[in-house]
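The values are calculated or read from the model by the stated rules, or taken from the named source; none is laboratory data. Everything quoted here is computed from the prediction, not taken from an experiment. In this analysis, Cβ positions are derived from the backbone assuming ideal geometry, glycine residues included, and neighbour counts consider all displayed protein chains. SASA here: full protein model, heavy atoms, side chains in, ligands and nucleic acids out. Shrake-Rupley method; radii C 1.70, N 1.55, O 1.52, S 1.80 Å.
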Amino acid sequence: MKDDFSIKGEAIAALENVQKPGTETSIVDAHMVEELDVNAGVVEIVLMADKGIDRKDRFSLEDKVHDAVEAIPGVLDVKIKTVTEKGGATPKAAAPKSKPAPQSNSVPPSAPLNGVGNVIAVASGKGGVGKSTIAVNLALALKQLGKRVGLLDVDIYGPSLPTLLGVSKRPVVEDSRILPLEVAGLRLMSIGFLMEEDTPVIWRGPIVTGIIRQFLRDVDWSGIDYLIVDMPPGTGDAQLAVAQTVPLDGVVVVSTPSELALVDAARGLQMFETLNVDVLGIVENMSKFVSPSGEVSYIFGKETVEKEAKRLGVPYLGDIPIDMDIREGGDKGQPVVLASPDSDISKSFIKLAQSLLDVKAGPDEGGKKKGLFSFLKS
Ligand code: ADP
């Protein structure tokens, strides 16, 4: 039987083809899909309609949603409820296909994850700075340091974990818990496991939030010391969803030495500060290039991240140079810390992981985070 997880992915895709009444916009793009849960083949959907939606329009919309989702192999039943923007159900919400209200995520936001020691986000102000590469190799380096590690990829714009670790299997659902994949001794879950290859990503708002909650709450992460969460770049729904779903033990921000990346990184840091998440430090990626003859070039700038960290009063965790093995290893699904654990470049990742553990274990510097970035707010 098809698992609920796959059905959810297909249901979201099917709803992309249902349009908001009177428009050409899909109900997904129009943020009308408030919730979508799948339980043993039963799909429960809450639609958010404009206040005062015409009854005929609502029934016709519910019919279209019902038909689109019912056509998915493995779906046993479809339950739809329509609510209006004020939060109340529309007058006849219990009609045709609307049976019991779908249970939303029943766990209160911010309850800690059972059996997980620390949840650490890896974030960046902009894309392409090597955030996912750092997240994967950092997770492997923590494992080398004797920690039990999970890696969750919620980068909705470009989930890279399947490529970086060469896995594309669908996760298995057992007793309504999603079992993470196990690769190279890491527990893994990626938003990419839900997507078809080459499918453009158009999930928005509530759907992103729902999927992220499911990844954090319904996946069996128990028994790990560190859950590393690879965030999407920038500041948006996904970051908020993670921070509101579990208490984060901290965030690591990745930046290249370029001025532009640094400005964006500072903005990202400010957002986490606003969300009361500890900033564990900044990593400088692509810090320098050492040619085979030993000549060193500082392509994006020299030691700018360390200076910026000092200026902002956050820990500087170290640097990772530009290295061919890092890029090739990523493309081949063989991250460098896994493929050549004793190489110099792997040692720089292990040093980074050790700095992170030191910062986590270190004495609380009291007002370290207080008032941080106040200059940005003024
Ligand atoms: P992000 O997650 O920030 O979008 P990625 O981790 O996907 O960035 O990295 C973008 C590209 O840069 C990938 O091809 C990756 O292999 C490469 N890359 C990242 N860090 C390095 C590095 N230190 N040296 C060489 N290539 C790197």
* Structure fact -> So, over other residues within a Cβ distance under 15 Å of K302, counting Lys, Arg +1 and Asp, Glu -1, the net charge is -4
* Asked: Once Lys and Arg get +1 and Asp and Glu get -1 on their Cβ, which of P341, L194, Q270 lies farthest toward the positive end of the dipole of segment 116-359?
  -> Q270
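Rolling a 1.4 angstrom probe over the protein heavy atoms, how many square angstrom per residue are accessible across the chain? Spell out each step's value before the answer.
Working: 17030 Å² over 378 residues.
Ligands and nucleic acids excluded, the figure is 45 Å² per residue.
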* **Assigned charges on the beta-carbon of Lys, Arg, Asp, Glu; segment 4-83 dipole about Cα centre (debye)** => 240 debye
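Rounded, prolate or oblate: which fits segment 4-83 when a ≥ b ≥ c are the square roots of the eigenvalues of the alpha-carbon gyration tensor, with rounded for a/c under 1.5 and prolate only if a/b beats b/c? Write out the running numbers ahead of the final one.
On the way: a/c = 1.95, a/b = 1.72, b/c = 1.13.
Prolate, since a/c reaches 1.5 and a/b exceeds b/c.
How big is the Rg/Rh ratio for the chain, C-alpha atoms only, Rh by Kirkwood, two decimals? Intermediate values should be presented prior to the final figure.
Numbers: Rg = 22.3 Å, Rh = 22.0 Å.
Rounded to two decimals, Rg/Rh equals 1.01.
With a 1.4 Å probe and all protein chains left in place, how much of the accessible area of segment 116-359 comes from carbon and sulfur atoms, in whole percent?
Details: 4780 of 9780 Å².
Heavy-atom surface of segment 116-359 belonging to carbon and sulfur, 1.4 Å probe: 49 percent.
For the chain, what is the charge dipole size about the Cα centre, in debye to the nearest 20, if Lys and Arg each add +1 at the Cβ and Asp and Glu each add -1 at the Cβ?
Details: 41 positive and 52 negative charges, 186 e Å.
Here the chain has a charge dipole of around 900 debye.
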* To do: Kindly report, to the nearest 10 Å², the accessible surface of E259 as traced by a 1.4 Å probe over protein heavy atoms only.
  => 130 Å²
* Return the single residue from S168, S297, S258 with maximal mean-square fluctuation; model: Gaussian network over the chain, springs between Cα atoms under 10 Å. => S297
* Structure fact -> Expressed in nanometres to one decimal, the distance between label points 7 Å along Cα→Cβ at T274 and N17 is 3.9 nm
* Structure fact -> In whole angstrom, the spacing between the Cα centers of segment 108-165 and segment 291-338 equals 18 Å
* Asked: By a straight-distance test (C-alpha under 16 Å), which aspartates and glutamates pair with K302 as possible cross-link partners, with residues fewer than eight away in the same chain excluded?
  -> E259, E284, D319
* Taking a ≥ b ≥ c as the square roots of the eigenvalues of the Cα gyration tensor of segment 220-291, is the shape rounded (a/c under 1.5), prolate (a/b larger than b/c) or oblate? -> oblate
* Asked: If you place +1 on the Cβ of every Lys and Arg and -1 on the Cβ of every Asp and Glu, how big does the dipole about the Cα centre of segment 185-309 come out, in debye to the nearest 20?
  -> 160 debye
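Could you check what % of the DSSP bridge pairs in the chain are antiparallel, to the nearest 5? Before the final figure, lay out each step's value.
On the way: 16 of 55 bridges.
Roughly 30 percent of the beta bridges in the chain run antiparallel, per DSSP.
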